[in-house]
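Engineer: Pasting a structure below so you can have a look.
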There are 2 protein chains.
Amino acid sequence: MLLLHRAVVLRLQQASRLKSIPSRIYIQACSTNDSFRPQYPSLTFSGDNSSTRGWKVMGTLLGLGAVLAYQDHRCRAAQESTRIYTKEEVSSHTSPETGIWVTLGSEVFDVTEFVDLHPGGPSKLMLAAGGPLEPFWALYAVHNQSHVRELLAQYKIGELNPEDKVAPTVETSDPYADDPVRHPALKVNSQRPFNAEPPPELLTENYITPNPIFFTRNHLPVPNLDPDTYRLHIVGAPGGQSLSLSLDDLHNFPKYEITVTLQCAGNRRSEMTQVKEVKGLEWRTGAISTARWAGARLCDVLAQAGYQLCETEAHVCFEGLDSDPTGTAYGASIPLARAMDPEAEVLLAYEMNGQPLPRDHGFPVRVVVPGVVGARHVKWLGRVSVQPEESYSHWQRRDYKGFSPSVDWDTVDFDSAPSIQELPVQSAITEPRDGETVESGEVTIKGYAWSGGGRAVIRVDVSLDGGLTWQVAKLDEEEQRPRKAWAWRLWQLQAPVPAGQKELNIVCKAVDDGYNVQPDTVAPIWNLRGVLSNAWHRVHVFVAP
Amino acid sequence: MLLLHRAVVLRLQQASRLKSIPSRIYIQACSTNDSFRPQYPSLTFSGDNSSTRGWKVMGTLLGLGAVLAYQDHRCRAAQESTRIYTKEEVSSHTSPETGIWVTLGSEVFDVTEFVDLHPGGPSKLMLAAGGPLEPFWALYAVHNQSHVRELLAQYKIGELNPEDKVAPTVETSDPYADDPVRHPALKVNSQRPFNAEPPPELLTENYITPNPIFFTRNHLPVPNLDPDTYRLHIVGAPGGQSLSLSLDDLHNFPKYEITVTLQCAGNRRSEMTQVKEVKGLEWRTGAISTARWAGARLCDVLAQAGYQLCETEAHVCFEGLDSDPTGTAYGASIPLARAMDPEAEVLLAYEMNGQPLPRDHGFPVRVVVPGVVGARHVKWLGRVSVQPEESYSHWQRRDYKGFSPSVDWDTVDFDSAPSIQELPVQSAITEPRDGETVESGEVTIKGYAWSGGGRAVIRVDVSLDGGLTWQVAKLDEEEQRPRKAWAWRLWQLQAPVPAGQKELNIVCKAVDDGYNVQPDTVAPIWNLRGVLSNAWHRVHVFVAP
């Protein structure tokens, strides 16, 4: 595998065509009403405006490598192309034993023998096994070239049964029936409400997470809001005026665009569960993603409603338009001081990566509070008010708080702990995966690191021996603004595998510019809700003989 | 011991006089030119304006307990009072074996049999063993009552040799010859330059650290500055004007007073040394102290010199009037954004706990940068300028930075790490002390906790079993302003000693309001300069049978 990759890259380096290759990866445009349509994928592509220097070049090379690898491969017989398969039949071919099948449009392909040759790595192609390629090609648009399609044609084994295209039946009594269709790569932790994370190997593929695989944390069904009639209600200050803002009104405020990482307080909860049971969704390392958000600044909107920063502590309370059967809406709050601080860059966002917000991410308007736990970035925003106390919402007062490991559900006093706002420094390994077998010789380790409050990650240490010795990883070179480092840093380390090692205990830990570090182990930070899980991340791998 | 304390407190509770006892402890007034004069102690006492609610009441009760305990004790024979002792002779009596002697004025006392009865604890009285009581009575002014003196008289064994009062010879060629006289309780890590910390049992006795025992971190000899001719030079902004401010000029700016904890980056370095050798002073847990600082706000002074906050990053560079033989002054810088932010409350301080700054702490003016490492609080301030780059001082660029444990003096690249500004969350146990024997039954554990950047400490967890199980300590009730929690929190835990335990591995760890935690162990945060030592603090004690 490694040798093959090297050969492909080497050949690419020799190819004079190389210079004309765009060094960016394109992301599929998301329509407002559907975050993704697997049956009829949009084939319009929009430029990714995010900066993706350096790290992306390799991805593009590998993408082109796929083309060349296709050419190397023996041609399949075209006569098989008239056989008809059902979708169910295709979906049962997901392993080397059964054969690995995929579809593109109405065509069916057996790519079993190509999987190991896939220059992006077998694991990425396997994400599409048994189903359509479109959602993945939409993410990695380098595939969308005529010669890739020609080469794929060589693996064609037949056609999908045309009668198979049945519209899904809508269960109208189900409050979740109107939820949007989601990307098949997402690892679902809960269907109702929908909560899902991207798989690790996709998570750090791009500095900017493509919208369709951005982690989704919903507490309630997704509201289906009409952008034409949508109004955002801002309760005015005493002596000021209340506002009822249409989307157009919001667009009339100065537009700000910032790159912000969102992380759920429960990210990596599954590691806490291994210590002792907790209440919460079993997030692995993927309850974190990064997007370029655009919208009006909250401080500008609050100023128009007559607010000023005051000496006495106050809180800006947000209410979503998502609600439970009793009509209780999702709610949360942040301190007024943060909301009014232009340097804190709190947004009422209406765009995500250059597109209107996808429904799962708050269409048409959500709050984005840089450096702060995801729970305060209220989606489907309906109402903003300023109160002397924090939001009385369950999610502000009876959830998203940290406690001592000694506190259990019999002894917990939610009023004794502050609501989580800024999050502590965090990092995780996304490649290799736990339990994987890596080549001897050299291992490449990749991951992400982030810290709350605008604190920049300044260093990531990686250990191959469980934490006895450390090496410093190479951080991406994305811009880090002082005090406003709202986005993660991707990192990687290429390290020789010590001779004779049969397994490696890979560990990572990050340091932020307040020199905060991650704790060594999980048990001493265990808490009954399984939040704030930021101990060293550990991955155990085997070394190929 | 414990039973005696209980008996004393019980008796105190019964005494009707109790209600008239002031619930504050008084701190000795420090003169401007000498931080302390052990030979001729000032007996004027100034009220401590700091808030000392709750935690101080117990101290006062124990102080009065001393009086009653004295009364209980057998009377010594007065006929011994005419014997003459040299200071040297007194200083050799510092243990139960040799006898424990102290002096007050010219009188010598043998307090061997009283040490265990001292209601403030034997360890506090032992700090004065072999020397004068005055420096300690100055700190704990409850002793300064006529009946305490009467009772002490019963332990008198003689007088000091009057010829013993020889003025110390001044070595004029020694650049440190003019350094001030220091308090004998300070544990000295280096005499030249002078670096010393208060002993743990005094450190957390008061929320506000008395000036004479505030930890001292000098890099150079202490300058002896004339307040009448002192001038602070502020380099003006382009288009603004440079300022040359006298002390009176500085007093004419609005005066701000805030309680701020200062911590040296090297606090607890001695624990790192145990992992592997580092370069630096062997600070134990005492390179941290808290004072009430008053002065002009740096932002007001900079505004008068024509500065405004600008979009481009800039730095405020401070130069001290202390310098080495080549004339190089101590220097450091902080970002202009912090300096200009009124909420960051950066001071040009001329008062410490209601007194002019002691010489060791920067007389007449020092910088106080709340939430930031001590190294930036430049003392004996001479010059302030705004530069596009950080200070070029050795202490900004080639020191006070953190590195990976893998970095050694052969591989270190000082430019690769940011200068330390905000410090990470920290805590330590001050009682009991490592190696001490505690009573069975119940153990009282005390300590401090603090975090950088104005982040409040929200919880301290304490373990008696090395970190397997945890209990939540009680935090002091001092005011914690949101985002401006510049001062430490003292904490304590009274916990039953598990039956049958012969020893305890006591551990503490703190959590701040960004939910940052301390790392479990020292080795993974080890760094070649031994800074940022904030792993769990561990104390091993024996349990009395």
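The values are calculated or read from the model by the stated rules, or taken from the named source; none is laboratory data. This one's a predicted model, so the numbers in the text were calculated from it and none came from an experiment. Cβ coordinates were reconstructed from backbone atoms using ideal geometry, including for glycine residues, and neighbour counts include every protein chain displayed.
Engineer: Looking only at residues in the stretch A:406-420 that are charged (D, E, K, R) and closer than 22 Å to A:Y392 by Cβ, which one is farthest from the other protein chains (Cβ to nearest Cβ)?
Structural biologist: Among residues in the stretch A:406-420 that are charged (D, E, K, R) and closer than 22 Å to A:Y392 by Cβ, the one farthest from the other protein chains (Cβ to nearest Cβ) is A:D415.
Engineer: Restricting the search to the stretch A:456-471, which residues are out of contact with any Lys or Arg (no Cβ under 6 Å at 6 or more places or on another chain), buried (at least 18 other Cβ atoms within 10 Å of the Cβ) and either at the interface with chain B (Cβ under 8 Å from one of its Cβ atoms) or under 22 Å from B:P418 (Cα atoms) (or both)?
Structural biologist: Correct list: A:A456, A:I458, A:R459, A:V460, A:V462, A:G467, A:W470.
Engineer: Counting only residues that are touching a residue at least 60 places away in the same chain (Cβ under 8 Å) and part of a strand (DSSP E or B), how many does the stretch A:295-324 have?
Structural biologist: 10
Engineer: Another one. Mind checking which strands (runs of 3 or more DSSP E) fall wholly inside the stretch B:157-268 and carry at least 3 residues that are crowded, with 20+ Cβ neighbours inside 10 Å?
Structural biologist: Numbers: elements: B:187-190, B:195-197, B:232-234, B:243-245, B:255-263.
So the answer is B:195-197, B:255-263.
Engineer: For the stretch B:269-280: of the residues being buried (at least 18 other Cβ atoms within 10 Å of the Cβ) and touching a helix residue (DSSP H, G or I) at 6+ places or on another chain (Cβ under 7 Å), which is nearest to B:S404 (Cα to Cα)?
Structural biologist: Of everything passing the filter in the stretch B:269-280, B:V278 is nearest to B:S404 (Cα to Cα).
Engineer: OK, next. Out of (1) under 28 Å from B:E478 (Cβ atoms); (2) in contact with a Pro (Cβ under 9 Å, 6 or more places away or on another chain), the odd one out for B:L225 is which?
Structural biologist: Unmet condition: (1).
Engineer: What's the number of the condition A:A196 fails, among (1) more than 28 Å from B:N516 (Cα to Cα); (2) among the hydrophobic types (A, V, I, L, M, F, W, C); (3) without any contact (Cβ under 8 Å) to a residue 60 or more places away in the chain; (4) out of contact with any Pro (no Cβ under 9 Å at 6 or more places or on another chain)?
Structural biologist: (1)
Engineer: Something else: Filter the stretch B:484-497 down to the residues that are farther than 30 Å from A:R455 by Cα and either within 14 Å of another protein chain (Cβ to nearest Cβ) or not in a loop (DSSP other than H, G, I, E, B) (or both) and list them by number.
Structural biologist: Hits for the stretch B:484-497 are B:Q492, B:L493, B:Q494, B:A495, B:P496.
Engineer: Look at A:S123 and say whether it is at pLDDT below 90 and in contact with an Asp or Glu (Cβ under 7 Å, 6 or more places away or on another chain). Spell out how you get there, then give the answer.
Structural biologist: Numbers: at pLDDT below 90: yes; in contact with an Asp or Glu (Cβ under 7 Å, 6 or more places away or on another chain): yes.
Criteria met by A:S123.
Engineer: Across the stretch B:493-506, what is the number of residues that are in contact (Cβ under 8 Å) with a residue 60 or more places away in the chain and under 30 Å from A:G514 (Cβ atoms)?
Structural biologist: Residues in the stretch B:493-506 being in contact (Cβ under 8 Å) with a residue 60 or more places away in the chain and under 30 Å from A:G514 (Cβ atoms): 1 in total.
Condition check ((1) within 14 Å of chain B (Cβ to nearest Cβ); (2) touching a strand residue (DSSP E or B) at 6+ places or on another chain (Cβ under 6 Å); (3) of a type in the set (G, A, S)) across all residues:
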position	(1), (2), (3)
A:A314	yes, yes, yes
A:G320	no, yes, yes
A:A337	yes, no, yes
A:A344	yes, no, yes
A:H377	no, yes, no
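Engineer: Among B:L186, B:L133, B:L127, B:L117, which is closer than 27 Å to B:I288 by Cα and in contact with a His (Cβ under 9 Å, 6 or more places away or on another chain)?
Structural biologist: Just one listed residue meets the conditions, B:L133.
Engineer: Now for a different question. Identify the residue in the stretch A:515-537 that is over 20 Å from A:W470 (Cβ atoms) and assigned to a loop (DSSP other than H, G, I, E, B) and, among all such residues, is nearest to the other protein chains (Cβ to nearest Cβ).
Structural biologist: Out of the qualifying residues, it is A:L532.
Okay, residues lined up against (1) crowded, with 19+ Cβ neighbours inside 10 Å; (2) within 11 Å of chain B (Cβ to nearest Cβ):
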{"site": "A:A473", "(1), (2)": "yes, yes"}
{"site": "A:E477", "(1), (2)": "no, no"}
{"site": "A:P482", "(1), (2)": "no, yes"}
{"site": "A:A499", "(1), (2)": "no, no"}
{"site": "A:K509", "(1), (2)": "yes, yes"}
{"site": "A:D513", "(1), (2)": "yes, yes"}
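Engineer: Return only the number of the condition from (1) in a loop (DSSP other than H, G, I, E, B); (2) in contact with a Pro (Cβ under 9 Å, 6 or more places away or on another chain) that B:G327 does not satisfy.
Structural biologist: (2)
Engineer: Just to be sure I understand, how many residues within the stretch A:291-312 are within 14 Å of another protein chain (Cβ to nearest Cβ) and modelled with pLDDT of 95 or more?
Structural biologist: Restricting attention to the stretch A:291-312, the residues satisfying the condition of being within 14 Å of another protein chain (Cβ to nearest Cβ) are A:309-312.
Imposing the further condition that a residue be modelled with pLDDT of 95 or more reduces the set to none.
Count: 0.
Engineer: Check B:P238 against each of (1) assigned by the TED database to the domain that holds B:S393; (2) farther than 30 Å from B:L302 by Cα and name the one condition it does not meet.
Structural biologist: Checking B:P238 against (1) assigned by the TED database to the domain that holds B:S393; (2) farther than 30 Å from B:L302 by Cα, the one that fails is (2).
Engineer: Continuing with the same structure: Anything in the stretch A:466-483 that is β-branched (V, I, T) and not in a strand (DSSP E or B)? List them, or say none.
Structural biologist: A:T469
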